[in-house]
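Below is one structure, written out as structure tokens; the observations come after it.
Taken together, the values in this text are just the output of simple stated rules run on the coordinates, not laboratory data. Bear in mind the structure is a predicted one, so any value in this text is a computation, not a measurement. In this analysis, Cβ positions are derived from the backbone assuming ideal geometry, glycine residues included, and neighbour counts consider all displayed protein chains.
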Amino acid sequence: MSGGESRKTGRSTGLQNSTKPPKYFREIAECISRRYASAGKIVEVGVGRSPYTILLLRELLPGAELTAVDVDEEAVEELRKMGLKAFVDDLTSPSLEIYEGADLIYSIRPPFELIPNIASLGARVGSDVLIAPLSEDAHLSDLSGWKMLRLGEAAVYILEKPYNLSYK
């Protein structure tokens, strides 16, 4: 029985299963590992308590410097205990030194109001940006100029440098 199922009914409880995360985390990690196979540095922002993609990337891209960023200090401490390089940072006023030199900055299911901040951050440090929004957030956000890729269960949007956005 998986961690997201009730012992009595075997039906989903709605809780995420920590031993078998949703398939889209793997799909995103595999997409990133193919597109950024020679990346020197990749940063995930807004990791929170779902570090599945960055942990998979650690296996898929062992030569890349992987950095996790979140605003929650406790989540960052947990990420560090997992052996990840992790920082507390606020995307509304980012510490650019954390992101400098990144080939890719990505975020999975960020709040739609932070998508412009993430795009602006990528533009400021000269990195590509990948967003895997909630499906309804894709409709609320202005993603014109972004390239959409369908990955099975997930859809991701990519801004590849050089790009021109009003977010700068």
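Here are the numbers:
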quantity	calculated
Fully extended contour minus Cα-Cα distance, from Lys20 to Glu77, at 0.36 nm per residue	18.3 nm
Length gained when the stretch Glu113-Lys161 is fully extended (0.36 nm per residue, less Cα-Cα span)	15.1 nm
Set of region 63-79 residues, backbone N closer than 12 Å to the point 7 Å along the Cα-Cβ line of Asp90	71-72
Karplus-derived 3J(HN,Hα), 6.51/-1.76/1.60, for each residue of region 96-108, Hz, glycine and proline x	4, 4, 5, 9, 4, x, 6, 7, 8, 10, 9, 8, 10
Amide hydrogen neighbours beyond the local backbone of Phe87, cut-off 5 Å, H modeled	Ala68, Val69, Asp70
Part-to-part distance (alpha-carbon centres) for region 111-130 and region 42-82, which is given in Å	17 Å
Simple spin-label estimate for Arg49 and Ser144 in nanometres, 7 Å along Cα-Cβ	3.9 nm
